[in-house]
Amino acid sequence: MRQIILDTETTGIDPKQGHRVIEIGCVEMIDRKLTGNHYHAYINPQRVVEQEAIEVHGITNEFLADKPVFSAIADDFLEFIRGAELVIHNAAFDVGFINHEFSLLRRGFPNVEGCCGVLDTLALARKKHPGQKNNLDALCKRYFIDNSSRTLHGALLDSEILAEVYLAMTGGQTALSLGSSEDGAGDSEEGSTIRRLAAGRPVLRVISVSNTELQNHQNKLEQIQKQSGNCLWLATD
């Protein structure tokens, strides 16, 4: 199965108000393994980037001035994602912007949903962790994923981080908790957490018990039996 983990940065929050895509970042995963293949582009939006957006991603109007417009990268981008399942955090936002960009070209480009599957990791996280914070930073903390390099949002970096988060969320049970808070307080340090073991870790050394230790253990059980009259570990079928 080919999956593309995707993120975008934009000039603002609503394409209906004329906002545009300024960065696309994608990383490829096949059969749940990152291939190292990726797609990344900065895009001249042909409009001003709002200051509030710059404060989020740090991409300035001056930086984008000499970058290609969306029409120049659209074919390569579509070719990269076509037929894959897109894994996106808050998919409605990114898919809405990309569909808007395709529609502006008036060249018969399909909607994203027409050529790709879409998996929303935000919806998945809300289902797995109801009542808790489920933004990317919170999920990194929950699944012990290093996001220290994420001082600002960036499409390619966020895609790489989301790939790790997605694999952690869908790789089986990773945390044990006595309950979750419905008021968003579930991101505290309370509860017991099982940390994922890194791939390629050294093989654990198996230490066998000695005869002396076995005898000491048996003696302890017999002592418990004498004191309580009910040592379950000495019980036999």
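We did not get these values from a lab; they are worked out from the coordinates using the rules stated. Computed from a prediction, not measured in an experiment: that's the story for all the values here. Neighbour counts are summed over all protein chains in view; Cβ atoms, including those assigned to glycine, are modelled from backbone coordinates with ideal geometry.
Here's the picture: a label point sits 7 Å out from the Cα of T170 along the beta-carbon direction, and within the range 55-85 the residues with their amide nitrogen under 18 Å of it are 81-85. The count of lysine pairs in the range 1-155 whose Cα atoms are under 28 Å apart, excluding pairs fewer than 8 places apart on the same chain, comes to 9. Label sites at N216 and Q51, each approximated as a point 7 angstrom past Cα along Cα to Cβ, lie 7.0 nm apart. Under 20 Å from a point placed 7 Å out from the Cα of V69 along the Cα-to-Cβ direction: which residues of the range 12-35 have their backbone N that close? What the label zone holds, given the 20 Å backbone N cut-off, is 12, 15-24.
Please give the net charge around I73, taking every other residue with its beta carbon less than 15 angstrom from that of I73, where Lys and Arg add +1 and Asp and Glu add -1. Here the charged neighbours net out to -3. Peptide packing: for 155-165, 112-122, the average count of neighbouring Cβ atoms within 10 Å per residue gives the ranking 155-165, 112-122, highest mean first. Could you compute the net charge surrounding A125? Neighbours are other residues with a C-beta less than 11 Å from the C-beta of A125; K and R count +1, D and E count -1. Local net charge: +4. Charged neighbours of L105, selected by a Cβ distance under 13 Å, balance to +1 (K, R count +1; D, E count -1). Once a ≥ b ≥ c are taken as the square roots of the eigenvalues of the Cα gyration tensor of the range 1-120, is the result rounded (a/c under 1.5), prolate (a/b larger than b/c) or oblate (a/b not larger than b/c)? Prolate, since a/c reaches 1.5 and a/b exceeds b/c. As a rough guide to protection, the peptides 220-227, 20-27 ranked by mean Cβ packing within 10 Å, highest first, stand as 20-27, 220-227. Counting 0.36 nm for each residue step from K133 to N37 and taking away their Cα separation leaves a gain of 31.5 nm. Stretching R150 away from Q17 to a fully extended chain increases their span by 45.1 nm, per 0.36 nm per residue minus the current alpha-carbon distance.
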